[in-house]
1. To the nearest 20 debye, what is the magnitude of the charge dipole of chain A about its Cα centre, counting +1 on the Cβ of each Lys and Arg and -1 on the Cβ of each Asp and Glu?
2. Pairs of Cα atoms under 8 Å, at least six residues apart: use those to get the relative contact order of segment A:29-74, whole percent.
3. Residue D:60 label points, 7 Å along Cα→Cβ, one per copy: pairwise distances from this copy to the rest in nm, shortest first?
4. Any lysines with Cα under 25 Å of the residue B:40 Cα? List them, leaving off those in the same chain fewer than 8 positions away.
5. Under a Cβ-only charge scheme (Lys and Arg +1, Asp and Glu -1), can you give me the dipole magnitude of the protein assembly as shown about the Cα centre, in debye to the nearest 20?
6. Stick to the Cα atoms of segment C:47-95, pair each with every other, and give me the Kirkwood hydrodynamic radius in Å at one decimal.
7. So which GluC sites (Glu not before Pro) in segment C:19-105 pass both tests, a DSSP loop state and at most 15 other Cβ atoms within 10 Å of the Cβ?
8. Looking at segment B:26-122, what % of the alpha carbon pairs are farther apart than 17 Å?
Protein chains: 4
Amino acid sequence: MQVGKKIWAIAEGYIPGWSHGPAPVLTSHEAACILNAGDKEANISLTIYFADRPPAGPYRIQVAAERTLHLRFNDLSDPEKIPVETPYSSLLISDVPVVIQFTRLDSRQEANALVTTIAYAE
Amino acid sequence: MQVGKKIWAIAEGYIPGWSHGPAPVLTSHEAACILNAGDKEANISLTIYFADRPPAGPYRIQVAAERTLHLRFNDLSDPEKIPVETPYSSLLISDVPVVIQFTRLDSRQEANALVTTIAYAE
Amino acid sequence: MQVGKKIWAIAEGYIPGWSHGPAPVLTSHEAACILNAGDKEANISLTIYFADRPPAGPYRIQVAAERTLHLRFNDLSDPEKIPVETPYSSLLISDVPVVIQFTRLDSRQEANALVTTIAYAE
Amino acid sequence: MQVGKKIWAIAEGYIPGWSHGPAPVLTSHEAACILNAGDKEANISLTIYFADRPPAGPYRIQVAAERTLHLRFNDLSDPEKIPVETPYSSLLISDVPVVIQFTRLDSRQEANALVTTIAYAE
């Protein structure tokens, strides 16, 4: 079933610079969780915006039909790594409707802090 | 009063693999909180999407008229249990308008981490 | 400036049964933060929905023009208190447009857990 | 690429009164993360609403084309500082479409608590 939108934005982004607890499950990270409930593969173009330099990307992401992808921003490397401890925003443009949710695990202190929000869609 | 939408998606899903603190209130879990404010029972079909296998479900859920249901994903077993420590997404389709919010309690470390977000609706 | 919607729903609700840390700022609580940016007082009717009993309310709430109200559900008592450790949902209907955000401070463990989400509007 | 809306509201606001952990990264704070993905500078007018006094502002904020701004409310001082431990709401009006997300880091206890939500847009 085709559900969602093609344009998604996440205004908040910040990969914590250190972690506390067993890796990799409790490593500080940010993720865009992408649901493609439709019957066609989703081809997504991701652009990263910064405070004081031109945008990075596009990063190319595929999500198969009827599958989900929990994309860790920490893992992106082509065309470049996203620096830690640096505020950024992300814009994702898909060729088919998808649903995107933002999550961060911050394990800089002894207790993990976890946030999530539905992204902005249009 | 009839309020809400019939199609809801939660892109993020992950049941933590362990817990810390008194059970069951502080057991790590994920929940879809469903409000049916209308005067007809809601019949909801839930499908679970994974990264690398076909979807599970449909799971059948009822929410009585003018009632709320805090559905714990941990408790689902028919047609199959949802595996822990596995990323997933969920799609809920109701025959009457409802409002759905996503919540996770992660008590893997000494302090509990709690997240919530309104789900995506259309 | 008039901004917002007249119908808001919060599907998730649960007042933790105990607290940890200095009261009242770190007392476990749930709040509906209501912004009335318009130039007329907002008269809001709040109904609370439960899993297994008829709804409670309506509770009557006023928010003055160009003011905000951080309404703690713990403080409601007329027509009845909201029980702790009991899942509920809330529906708020205003006579003028407002913006509503949901927040919970859970201080049951040594570290406080905080969640927030924009409510569902239509 | 022009994405977003011109009117954004954040109903919840509260700058914690103390912090725990290394400053400034773990200082308690609230932020509005603003993405301007378009090719024109965004000029934003911010008004702060309180429970029992007239609104403060407008505060004037610029976000350059194709840049992001993680605006800390703690840092605002013109026309006046935002008091700590005081509930408030914020309304942001931009001359071009932007996307705004709300974040708070609460480090009053030993473990940091982090929340985020997409703001209300129209």
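Taken together, the values in this text are just the output of simple stated rules run on the coordinates, not laboratory data. Every value quoted in this text rests on a predicted model; they were computed, and no experiment measured them. When we count neighbours, we look across all protein chains shown, and the Cβ atoms used for this are built from the backbone with ideal geometry, even at glycine.
1. On the way: 10 positive and 14 negative charges, 21 e Å.
Here chain A has a charge dipole of around 100 debye.
2. Numbers: 81 pairs, mean separation 25.0, N = 46.
Over segment A:29-74, the number comes to 54 percent.
3. With the label placed 7 Å along Cα→Cβ, residue D:60 yields 4.5, 4.5, 6.4 nm.
4. B:5, B:6, C:5, C:6
5. Working: 40 positive and 56 negative charges, 71 e Å.
Dipole magnitude for the protein assembly as shown comes out near 340 debye.
6. On the way: mean 1/r = 0.0827 Å⁻¹.
One decimal place: 12.1 Å for the Kirkwood radius.
7. Within segment C:19-105, the qualifying GluC sites (Glu not before Pro) (loop, at most 15 other Cβ atoms within 10 Å) are C:41, C:80, C:85.
8. Working: 2478 of 4656 pairs.
Within segment B:26-122, distances greater than 17 Å cover 53 percent of Cα pairs.
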